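Okay, so here's the structure we're looking at.
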Amino acid sequence: MIVIPAVDLKNGKCVQLVQGEPGTEQVVLDNPEDIAIQWVQKGAKRLHVVDLDGALGSGENLNIIRNIIEKSEVPVQMGGGIRTLDDARRLLDIGVFTVIIGTMAINHPEYITQLSDEYGSERICVSLDSKDNKVVTHGWTEFTDKTPLEYAKLFEEKGAGSILFTNVDVEGLLKGIDLKPVKELLSGISIPIIYSGGITSLEDLEILSQLDTDYVVIGSALYKGLINFEDTLQFQK
């Protein structure tokens, strides 16, 4: 299992929101590039970057993302505001190792096949955000009629190289994880699962490691000091 620190970008700063809601910033830090490098210096093998401005349609942080890629020298997976094929291509072309595509994938599953054919499946990840065991889109505001597992199977067939699963029910609340949907995904598909949402303790990581989860993204628990990143390295494989 590889533990991946989150670097969420908003207004040129590194932030952590509660349940993804603008205005709920509990962590606001300057110099996101320096923060990203610090995670790498602590042993991070990969970085998880989210352009919240892009996701919210209020701008973008492309220069910061480019600097993080150049300075950190580890693979960067990135999501937020990827609404067209050209958006995805632009990020892949500047060096984002894996693009994370959410709503666009739900609306146009064929785009996943197209990007996978062009860039390789390992560089294409589909984000599935789950609320009440249904996938939600458009910033968690619209419900679909399918479960995460149903969509995961579809996108595996379409050529996605991995699935980022975020459990909205527990994300950002620092109250721990819900294992049932994770188990269903791990047993239901063969491509890697990147888990996100609710991780609060090393015990949570130990459980996910025992389930053979491939990747885990941690944000709030790291920034609030509930988990020391160096302590997560015991789970790295």
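The values are calculated or read from the model by the stated rules, or taken from the named source; none is laboratory data. Keep in mind that this is a model prediction, so the values were computed, not measured. Every residue, glycine as well, gets a Cβ built from its backbone with ideal geometry; the counts of neighbours run over all protein chains shown.
Give the number of residues within the stretch 162-204 that are acidic (Asp, Glu) and modelled with pLDDT of 90 or more. Working first, answer last.
Of the stretch 162-204, the ones acidic (Asp, Glu) are 169, 171, 178, 184, 203-204.
From the residues that got through so far, the ones that are modelled with pLDDT of 90 or more too are 184, 203-204.
Within the stretch 162-204, residues that are acidic (Asp, Glu) and modelled with pLDDT of 90 or more number 3.
At pLDDT below 95 and more than 24 Å from Ile65 (Cβ to Cβ) - does that describe any residue in the stretch 150-161?
Applying the first criterion (at pLDDT below 95) to the stretch 150-161 yields none.
No - not one qualifying residue is present in the stretch 150-161.
So, Gly81, is that one farther than 26 Å from His138 by Cβ and not acidic (Asp, Glu) or not? Give the steps one after another, and end with the answer.
Values: farther than 26 Å from His138 by Cβ: no; not acidic (Asp, Glu): yes.
For Gly81, the condition - farther than 26 Å from His138 by Cβ and not acidic (Asp, Glu) - is not met.
Can you say whether Leu128 is assigned to a strand (DSSP E or B) and at pLDDT 95 or above, as far as the supplied structure shows?
Details: assigned to a strand (DSSP E or B): yes; at pLDDT 95 or above: yes.
Here the answer is yes, as Leu128 does meet what is asked.
Every residue, every condition in (1) over 30 Å from Asn107 (Cα atoms); (2) in contact (Cβ under 8 Å) with a residue 24 or more places away in the chain; (3) in a loop (DSSP other than H, G, I, E, B); (4) in contact with a helix residue (DSSP H, G or I) (Cβ under 7 Å, 6 or more places away or on another chain), yes or no:
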{"residue": "Glu157", "(1), (2), (3), (4)": "no, no, no, no"}
{"residue": "Leu164", "(1), (2), (3), (4)": "no, yes, no, no"}
{"residue": "Asp169", "(1), (2), (3), (4)": "no, yes, yes, no"}
{"residue": "Ile177", "(1), (2), (3), (4)": "no, yes, yes, yes"}
{"residue": "Lys183", "(1), (2), (3), (4)": "no, yes, no, no"}
{"residue": "Ser187", "(1), (2), (3), (4)": "no, no, no, no"}
{"residue": "Leu226", "(1), (2), (3), (4)": "yes, yes, yes, no"}
{"residue": "Asp231", "(1), (2), (3), (4)": "yes, yes, no, yes"}
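Hey, could you check the stretch 190-204 for residues that are aliphatic (A, V, I, L, M) and surrounded by fewer than 20 Cβ atoms within 10 Å (Cβ to Cβ) and say which is nearest to Val3 (Cα to Cα)? Write out each step before concluding.
Our first condition is that a residue be aliphatic (A, V, I, L, M); within the stretch 190-204, this holds for 191, 193-194, 199, 202.
Still in the running and surrounded by fewer than 20 Cβ atoms within 10 Å (Cβ to Cβ): 191, 202.
Details: Ile191: 17, Leu202: 11 Å.
Of everything passing the filter in the stretch 190-204, Leu202 is nearest to Val3 (Cα to Cα).
Of a type in the set (Val, Ile, Thr), modelled with pLDDT under 90 and crowded, with 17+ Cβ neighbours inside 10 Å: is that true of Thr232 in this structure?
Values: of a type in the set (Val, Ile, Thr): yes; modelled with pLDDT under 90: no; crowded, with 17+ Cβ neighbours inside 10 Å: yes.
Taking the combined requirement at face value, the residue does not satisfy it.
Those residues that are buried (at least 20 other Cβ atoms within 10 Å of the Cβ) and aliphatic (A, V, I, L, M), I need them from the stretch 114-167; list them, please.
Leu115, Ile124, Val126, Leu128, Val135, Val136, Leu149, Ala152, Ala160, Ile163, Leu164
Yes or no: Ile69 out of contact with any helix residue (DSSP H, G or I) (no Cβ under 8 Å at 6 or more places or on another chain), free of Cβ contacts under 8 Å to residues at least 60 places away in the same chain and aliphatic (A, V, I, L, M)?
Considered against the rule, which asks whether it is out of contact with any helix residue (DSSP H, G or I) (no Cβ under 8 Å at 6 or more places or on another chain), free of Cβ contacts under 8 Å to residues at least 60 places away in the same chain and aliphatic (A, V, I, L, M), Ile69 comes out as yes.
Which helices (runs of 4 or more DSSP H) does the stretch 1-92 wholly contain that include 2 or more residues that are modelled with pLDDT of 95 or more? It would help to see each step written out before you state the result.
Working: elements: 32-41, 52-56, 62-72.
Here the list reads 32-41, 62-72.
Yes/no matrix, rows are residues, columns are (1) among the hydroxyl-bearing types (Ser, Thr, Tyr); (2) more than 23 Å from Ile35 (Cα to Cα):
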{"residue": "Ser72", "(1), (2)": "yes, no"}
{"residue": "Arg90", "(1), (2)": "no, yes"}
{"residue": "Phe97", "(1), (2)": "no, no"}
{"residue": "Thr103", "(1), (2)": "yes, yes"}
